[in-house]
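Notes for the one structure printed next.
The values are calculated or read from the model by the stated rules, or taken from the named source; none is laboratory data. Just so it is clear, the structure is predicted and the values come from calculations on it, not from any experiment. Methodologically, a virtual Cβ is constructed for each residue, glycine included, from the backbone with ideal geometry; neighbour enumeration extends over all protein chains shown. To get the accessible areas, we keep the full protein, side chains included, count just its heavy atoms, and leave off ligands, DNA and RNA. Shrake-Rupley method; radii C 1.70, N 1.55, O 1.52, S 1.80 Å.
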Amino acid sequence: KKGRWIRVAELSALSKDQPMSAAVIGEQVDAWTKAPAVRLGTVWLRVLPDEKVAAWNAECPHLGCKVGYNAEQSHFGCPCHDSAFSMDGEVKGGPAPRGLDPLEARVQDGHVEVRFVRFRAQIKERIEV
Ligand code: FES
């Protein structure tokens, strides 16, 4: 099932200064099996000035490598082909065809939850896979 809300972090673990990455762990359900605790992906989380939580899928929109965070330069960077993204996920350089993919995020009982979806790499448009 796509786009489920998944709990990824405690709100108190986040700060406004630095984004934090979190593993997305969820059940993978198909018609026959239900396997618990499968890693579905990684997200970057950041508390915005208005206290809302922003979330991005950490998969690079270029070829899907995991994007990291460069604290010295305050930007997100992909180790594979040097795509760079601003703190708001906008492309700053490199071959990425679009910015980091934003995800819906909400806070429930002191926990951050994201609606986890993945998007096709290598194209400008955001098409869910
Ligand atoms: Fe990120 Fe190529 S996969 S720059």
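For the chain, what are the per-bin percents of Cα-Cα distances with bins 10 Å wide, up to the bin holding the maximum?
Bins of 10 Å from zero give 13, 43, 34, 9, 1 percent of pairs.
Quick one: which residues, 5+ away or cross-chain, put their amide H under 5 Å from the amide H of Cys65? H built at 1.01 Å from N.
Cys60
Tell me the GluC sites (Glu not before Pro) within the range 66-129 that lie in a loop according to DSSP and have at most 10 other beta-carbon atoms within 10 Å.
Values: sites: Glu72, Glu90, Glu104, Glu113, Glu125, Glu128; in loops: Glu72, Glu90, Glu104, Glu125.
For GluC sites (Glu not before Pro) across the range 66-129 that sit outside H, G, I, E and B with at most 10 neighbouring Cβ atoms in 10 Å, the list reads Glu72, Glu125.
For the chain, with only Lys/Arg (+1) and Asp/Glu (-1) charged at the beta-carbon, what is the dipole magnitude about the Cα centre, in debye rounded to 20? Kindly include the intermediate steps, with their values, before the conclusion.
Details: 18 positive and 17 negative charges, 90 e Å.
Taking the Cα centre of the chain as origin, the dipole is about 440 debye.
Give the whole-number value, in cubic angstrom per residue, of the convex hull volume spanned by the C-alpha atoms of the range 26-86. Walk me through the numbers before you get to the answer.
Values: hull volume 7.7 nm³, N = 61.
Dividing the Cα hull volume of the range 26-86 by its residues yields 126 Å³.
Working out 0.36 nm times the residue gap between Gln108 and Val129, then minus their Cα-Cα distance, what length gain in nm do you get to one decimal?
Working: separation 21, 0.36 × 21 = 7.56 nm, distance 2.64 nm.
Net length gain for the segment: 4.9 nm.
Within the range 27-129, what whole-number % of the accessible surface is contributed by carbon and sulfur, with the 1.4 Å probe and all protein chains included in the calculation? Display every interim value, and only then the final one.
Values: 2830 of 5820 Å².
For the range 27-129, the apolar C and S fraction of the accessible surface comes to 49 percent.
Eight or more residues apart or on different chains, and alpha-carbon atoms under 18 Å: count the Lys pairs in the chain matching that.
Details: Lys1/Lys34; Lys2/Lys34; Lys16/Lys52; Lys66/Lys92; Lys92/Lys124.
Taking the Cα cut-off of 18 Å, the pair count is 5.
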